[in-house]
Amino acid sequence: MEDRFVYADNAATTPVAPEVVAAMTPYLTEKWGNPSSMYSKGREARRGLDEARETAAGALGCAPNELYFTSGGTEADNWALKGGARFMRAKQGRTHVITSTIEHPAVLRSCEALAREGFRVSYVKVHENGIIDMDELGRLLDRNTAIVAVMLANNEIGTIQPIPEIAKLAHEAGALMFTDAVQAVGSIPVNVKELGVDMLSLSGHKLGAPKGIGALYMRRGLKIDKYIDGGGQERGMRSGTENLPYIAGLAEALRLAVSRLPDMERVRAMRDRLADYILNNIPHTIYNGDREHRLPGNLNISFEYIEGESLLLLLDMAGICISTGSACSSNSLEPSHVLLALGLPAEKAHGSMRVSLSHGNTEEDIDYIIEKLPGIVKRLRDMSPIYPGEDK
Ligand SMILES: *Cc1c(COP(=O)(O)O)cnc(C)c1O
């Protein structure tokens, strides 16, 4: 097979879909008005904003006025967590925050910020398969718990958490329930009412919209503090003239993603074919995460006796984009906190590879990865002074 370019890192970011560019373009060209202006040029923009909010809300099963557009997943996570915790402290004196050990840095660092403000933060452990320990969660919850933050799907190992059950436990203790659904939206069906959460975050660039746009769902009636002070946009909660081109793009990306959910079965089958090939043909490999409760496009494998960074670079030279650890922390050489939380020793966590497939991938992409990967793994192991050989 001749050399190809295979993008298999859709959990890091996705290409902007042509349909999304088409939905954005009118707001970058003729419809450039300010949605707050009362003349027709502004009203035209306001109509676009209202339509986008309706489309986006429809894709998530919420009302348009329960959705707030943000600058991305990180902002939505910060707002939900800090806003939710402070709200419950002001209202009920609750000062305990519960999250999991495998959250995205946007959530973990926000929890650390809350700890500096005097909140007590508990980190629920996960089992070896990456699913959170519900018994431990039950023990941690108390009448002092302000908010529980557990992600719907993990960005590194793709595990899908039992959010409806977690939300039920949180609510029985009188706490708020927030889920970071950035990786889930677009890959699996996401309905905020069925999940039973009070808040949910999502990000455009993980589902075919550009970087720098996201949203926070906040259940009607919940009134945590506003995030940005100013002119009162987003119903007074997140001021700043709306980023209409990107909001229109996000809405179209959400609509498109929901319409394409049936195609994720094809993605799942490709992922499983790749996983089976690797496990059956490359020795000393570890399948990370749960087989079943998992995003259809995610595969995370540890190759013993190699460094993930070397694997990434050699695959890149072959035209294949994958990641090791998570891109958000890949400017450090620390092993992934998610893989360590599964109980994987640091040296095994170091040799990990995340493949994240999406609609854009084809069977030929999988064939090409299968053609290139085994030779690259072998080459790296042959250079390793500690590699015991294939039969050990
Ligand atoms: C990418 C990601 C984020 C951050 O979203 P940005 O829009 O890049 O700020 C948050 N949580 C998870 C799980 C992610 O994968």
Helix 163-172 vs. the chain, principal-axis angle (Cα, 0 to 90°, nearest 10): 50 degrees
To the nearest 10 degrees, the tilt of helix 105-116 (Cα long axis) against the first principal axis of the alpha carbons of the chain is 60 degrees
Shape of the range 120-215, Cα gyration tensor, a/c cut at 1.5: prolate
Per-pair calculated FRET efficiency, R0 = 51 Å: ALA115 and ILE282 via Cβ, rounded to 0.05: 0.75
In whole percent, how big is the carbon plus sulfur part of the accessible area of the range 270-392, probe 1.4 Å, protein atoms only? 52 percent
Tabulate in residue order the Karplus-calculated ³J(HN,Hα) for the range 97-102, using 6.51 cos²θ - 1.76 cosθ + 1.60 with θ = phi - 60°, rounded to whole Hz; enter x for Gly and Pro. 10, 10, 9, 10, 6, 10
Modelled FRET efficiency - R0 56 Å, HIS127 with MET38, Cβ distances, 0.05 increments: 0.50
So if each residue of separation counts as 0.36 nm, and I subtract the Cα-Cα distance between GLU371 and GLU172, what length gain in nm does that give? 66.4 nm
Starting from the Cα of LYS206, draw a straight line to each of the lysines and keep only those under 27 Å, dropping any in the same chain fewer than 8 residues away. LYS31, LYS82, LYS125, LYS193, LYS226, LYS372
Exposed loop chymotrypsin sites (Phe, Trp or Tyr not before Pro) only (DSSP loop, at most 10 other Cβ atoms within 10 Å): please give the longest stretch of the chain free of them, not including the sites. 40-392
Rounded to the nearest 10 degrees, what's the angle between the helix 244-259 long axis and the longest principal axis of the chain, both from Cα atoms, 0 to 90? 60 degrees
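Could you pull out the GluC sites (Glu not before Pro) across the range 72-166 that fall in loop regions by DSSP (anything but H, G, I, E, B) with no more than 13 other Cβ atoms inside 10 Å?
GLU117, GLU128
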Determine the shape class of the chain: with a ≥ b ≥ c the square roots of the Cα gyration tensor eigenvalues, call it rounded for a/c under 1.5, and otherwise prolate if a/b is greater than b/c, oblate otherwise. oblate
Taking the Cα centre of the range 150-251 as origin, sum charge times position over the Cβ atoms of Lys and Arg (+1) and Asp and Glu (-1), and report the length of that vector in debye to the nearest 20. 240 debye
In nm, spacing of pseudo-spin labels at ASP50 and TYR387 (7 Å Cα→C-beta vector): 6.4 nm
Of the accessible area of the range 18-259, with the probe set at 1.4 angstrom, what percent is carbon plus sulfur? 52 percent
Along the charge dipole of the range 18-259, pointing to its positive end and built from +1/-1 on Cβ of Lys, Arg, Asp and Glu, which listed residue (ILE102, THR25, GLN161) has its Cα farthest out? THR25
Set the Förster distance to 45 Å, then compute FRET efficiency between GLU363 and ARG143 from the Cβ-Cβ distance, nearest 0.05. 0.25
By the Cα gyration tensor axes a ≥ b ≥ c (a/c under 1.5 gives rounded; else a/b larger than b/c gives prolate, otherwise oblate), the shape of the range 257-306 is prolate
Charge-dipole axis of the chain as Lys and Arg at +1 and Asp and Glu at -1 on Cβ define it, positive-most pick from MET317, LEU202, ASN10: LEU202
Between LEU340 and ASP225, with labels modelled 7 Å along Cα→Cβ, what's the label distance in nm to one decimal, could you check? 3.2 nm
Unit charges on C-beta of K, R, D, E only; dipole of the chain, Debye: 1620 debye
With labels modelled as points extended 7 Å from the Cα through the Cβ direction, what inter-label distance (nm, one decimal) is found for GLU30 paired with MET134? 5.4 nm
Which whole-number value in Å² is the accessible area per residue of the chain, probe 1.4 Å? 41 Å²
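When DSSP beta bridges are limited to those with both residues in the range 18-259, what percentage is antiparallel, rounded to the nearest 5?
Within the range 18-259, antiparallel bridges account for around 40 percent of the total.
The values are calculated or read from the model by the stated rules, or taken from the named source; none is laboratory data. Not measured: the values here are computed from a predicted model. Using ideal geometry, Cβ is built from the backbone for each residue, glycine included, and neighbour counts are taken over all protein chains shown. Ligands, DNA and RNA are excluded from the accessible area calculation, which covers all protein heavy atoms including side chains. Shrake-Rupley method; radii C 1.70, N 1.55, O 1.52, S 1.80 Å.
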